[in-house]
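Participant: Below is a structure I'd like to ask you about.
The values are calculated or read from the model by the stated rules, or taken from the named source; none is laboratory data. Small disclaimer: the values here were computed from a predicted structure and weren't measured. Note that each Cβ is placed from the backbone with ideal geometry, even for glycine, and that neighbours are counted across all protein chains shown.
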Amino acid sequence: MRVLDTVAGLAQMTRRLKGDAPAAAESGVPPPTALGQIETRLAGVVVAALKEAFDRDRARMDLERAHLDAERQRAEEALRAELRRQAADRALGQVRLVALMAMGIWMLSAALAVWMPGMRDGFARGLLGGGWVFVLGALGCAFSGWQRIAAWSAADAGPGRAVVDGPHLAEILAPWLLLSALALCGASLLVAL
């Protein structure tokens with residue numbers, strides 16, 4: 001704005017110094033004077049300075065826009081990584097719960113099998129053995145799922161890509177195996193009564 005004010009002030013000053021401006025305007029051709037040449041050169045310098053200032057501003061705006069785009073991409077990557085971490089935490093929590101429950105069912109059924117005299121019968125013992133097989137299957141699936149989730153959460157999606165991976169078969173089977181183990185161990189305890 002200062003540059004424009006300076007240019008306007010110089011233009012007004014040159015008009016005052018040129019007292020014959022109306023006569024030159026009527027004839028259509030301005031008389032060549034030293035002041036007119038200086039004014040022309042000064043106008044060229046001002047135009048060049050304004051062009052340079054606008055080019056500098058445009059370059060600065062382009063740099064700021066590129067910087068904002070880079071920051072936005074970094075923020076999107078951080079958000080994707082955080083969402084991936086939260087999903088992995090949830091999945092690990094579910095798998096951990098299945099593993100703990102399987103261990104609890106196995107220990108409780110083993111303690112009750114030793115304590116209850118009816119567990120020595122063949123049918124109750126067979127149901128308990130089947131329940132333990134399902135408990136071990138649930139534990140194996142839980143550990144397998146745990147390993148896959150840990151590898152998945154550590155995987156880098158890279159810029160512009162998302163790691164999209166649904167639950168693995170082991171993660172899907174683990175709760176069902178646990179439920180089957182609970183049913184078989186419970187049935188064996190009921191038969192032993």
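Participant: Regarding Glu71, is this residue modelled with pLDDT of 70 or more and either among the basic types (Lys, Arg) or farther than 24 Å from Val3 by Cα (or both)? Lay out the reasoning, then the answer.
Facilitator: Values: modelled with pLDDT of 70 or more: yes; either among the basic types (Lys, Arg) or farther than 24 Å from Val3 by Cα (or both): yes.
In short, yes.
Participant: Given the criteria assigned by TED's automatic domain parsing to the domain that holds Leu177 and either surrounded by 10 or more Cβ atoms within 10 Å (Cβ to Cβ) or of a type in the set (S, T, N, Q) (or both), does Met119 qualify?
Facilitator: Details: assigned by TED's automatic domain parsing to the domain that holds Leu177: yes; either surrounded by 10 or more Cβ atoms within 10 Å (Cβ to Cβ) or of a type in the set (S, T, N, Q) (or both): yes.
Judged against the criteria, Met119 is a match.
Participant: With Leu127, Leu108, Leu173 as the choices, which residue is assigned to a helix (DSSP H, G or I), at pLDDT 90 or above and surrounded by fewer than 16 Cβ atoms within 10 Å (Cβ to Cβ)? Quick ask: steps written out before the conclusion?
Facilitator: On the way: Leu127 fails: surrounded by fewer than 16 Cβ atoms within 10 Å (Cβ to Cβ); Leu173 fails: surrounded by fewer than 16 Cβ atoms within 10 Å (Cβ to Cβ).
Only one candidate passes the filter, namely Leu108.
Participant: Report every pair of residues separated by at least 6 positions or lying on different chains whose Cβ atoms are under 9 Å apart, first residue within segment 167-181 and more than 15 Å from Leu92 (Cβ to Cβ), second among the charged types (D, E, K, R) and not in a helix (DSSP H, G or I).
Facilitator: none
Participant: Now, a different point. Please name all residue pairs, on different chains or six or more residues apart, with Cβ atoms under 7 Å, provided the first residue is in segment 125-149 and is assigned by TED's automatic domain parsing to the domain that holds Val95 and farther than 15 Å from Ala102 by Cβ and the second residue is assigned to a helix (DSSP H, G or I) and of a type in the set (Ser, Thr, Tyr).
Facilitator: Taking only residues 6 or more apart or on different chains, the pairs are Leu127/Ser188.
Participant: Are there any pairs, at least 6 apart or on different chains, whose C-beta atoms fall under 6 Å, with the first in segment 79-104 and surrounded by 12 or more Cβ atoms within 10 Å (Cβ to Cβ) and the second among the polar types (S, T, N, Q), and if so, which?
Facilitator: Ala88/Ser153
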